Structure formats: C-alpha cells, structure tokens
Amino acid sequence: MKSHAYVRRKLPLAGVLARFLLVSLLIFATFNPSYYSILTWIAGSSSPISIKAFVMFTLALSWMIILRFSLAGLGRLGLLYVAATGLALFLLEMRFGFLGFVSPYTLTILIELALAVIVTFGLVFSYWVRQASGQSAVVKRPP
C-alpha cells in the first residue's frame with residue numbers, strides 16, 4: 001500500500017538552483033551596488049510610510065525564515081565548516097591579493113554571490129547528509 005506522504009530522498013539540481021535563485025533575489029533585493037534595492041528605495045522614495053514599513057517587514061520576515069532554515073540545515077558542525085572556509089578564503093585574499101584588480105562594484109557583487117552560495121549550501125546540506133548517511137525521514141501515516 002502506498003503511503004499518503006512522499007519523502008524525496010534526493011534533491012534534484014532544479015531544487016538547488018531554485019533555492020539559489022530565491023536566496024540571491026533576497027540578498028540583491030536587500031542591497032546591491034546598482035542602487036536598485038530596498039534600501040535605496042526607502043531612502044529616496046516619496047511612497048507612504050505604511051508601504052515602506054510593510055515591504056521592510058516582509059523582507060525581514062523572509063530573512064528570518066531563510067536564515068533559520070539554513071542554520072538548521074547546517075547545524076553546528078556545518079556552520080563551523082562554513083566559517084572556517086570563509087576565514088581561510090579571507091586570509092588567502094589578504095595574503096596574496098587575488099581580487100586586488102577588481103572594482104568595488106564587482107567585489108560587492110562577488111561577496112553577495114558568495115553569501116548566496118553559503119546560505120544555499122545551508123538549505124540543501126541536510127539533504128546531502130541524509131543521502132550520504134542512508135537515513136530517511138520518518139513519515140507517519142495519517143489517522
């Protein structure tokens with residue numbers, strides 16, 4: 001007999017890309033160097049304060065949800081790994097200056113894309129751990 005709930009054991013590439021696009025949209029909507037972001041809209045717009053407050057509340061809620069899921073997926077060990085990797089990349093940049101020729105605009109875009117990759121990694125990490133360890137989610141049959 002087929003269960004009423006379906007648990008996907010593997011996350012398809014389209015799921016990873018969709019998560020990356022969602023996180024990228026959230027990051028670039030919050031701030032980007034091209035001045036088409038929520039921060040520049042609030043600072044320079046004559047829109048009513050109620051609309052600005054609603055948009056900011058929605059954006060803040062989206063950030064809380066995405067970061068909560070990402071941190072839950074990474075766990076303490078994954079968060080430590082991401083922090084260590086980020087620190088190593090930062091120290092390599094400081095020592096060798098790989099990005100010294102890049103303009104501040106491009107550097108901001110690269111940092112935001114790196115942040116999007118890190119948050120997306122957190123969103124899909126639990127799928128990869130479950131697949132590597134052979135675990136499966138427990139699904140109870142409805143009453």
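Odds and ends about this structure:
- Test: residue in the stretch 40-62 that is under 15 Å from GLU112 (Cα atoms) and either of a type in the set (Val, Ile, Thr) or surrounded by 11 or more Cβ atoms within 10 Å (Cβ to Cβ) (or both): no
- If you filter the stretch 91-126 down to residues that are aromatic (Phe, Trp, Tyr) and at pLDDT below 85, you find that the one that is surrounded by the most Cβ atoms within 10 Å (Cβ to Cβ) is PHE125.
- Every condition in (1) in contact with a helix residue (DSSP H, G or I) (Cβ under 7 Å, 6 or more places away or on another chain); (2) closer than 28 Å to LEU11 by Cα; (3) modelled with pLDDT of 85 or more is met by GLY78 except one, and the failing one is (3).
- Of the residues TYR105, TYR36, the single one that is part of a loop (DSSP other than H, G, I, E, B), within 25 Å of LEU22 (Cβ to Cβ) and out of contact with any Asp or Glu (no Cβ under 6 Å at 6 or more places or on another chain) is TYR36.
- Filtering the stretch 26-56 to residues that are β-branched (Val, Ile, Thr) and in contact with a helix residue (DSSP H, G or I) (Cβ under 8 Å, 6 or more places away or on another chain) leaves ILE27, THR30, ILE38, ILE42, VAL55.
- Residue check: GLY100 meets all listed conditions (1) among the small types (Gly, Ala, Ser); (2) part of a helix (DSSP H, G or I); (3) farther than 23 Å from PRO12 by Cβ but one, namely (2).
- Residues that are out of contact with any Lys or Arg (no Cβ under 7 Å at 6 or more places or on another chain), of a type outside the set (S, T, N, Q), outside any loop (DSSP other than H, G, I, E, B) and closer than 30 Å to GLY134 by Cβ do occur in the stretch 58-66.
- Exactly one residue among VAL117, VAL23 is in contact (Cβ under 8 Å) with a residue 24 or more places away in the chain, in contact with a helix residue (DSSP H, G or I) (Cβ under 6 Å, 6 or more places away or on another chain) and of a type in the set (Val, Ile, Thr), and that residue is VAL23.
The values are calculated or read from the model by the stated rules, or taken from the named source; none is laboratory data. In this text the structure is predicted, and so the values were computed from the model without any measurement. Cβ atoms come from the backbone with ideal geometry, glycine included; neighbour counts cover every protein chain shown.
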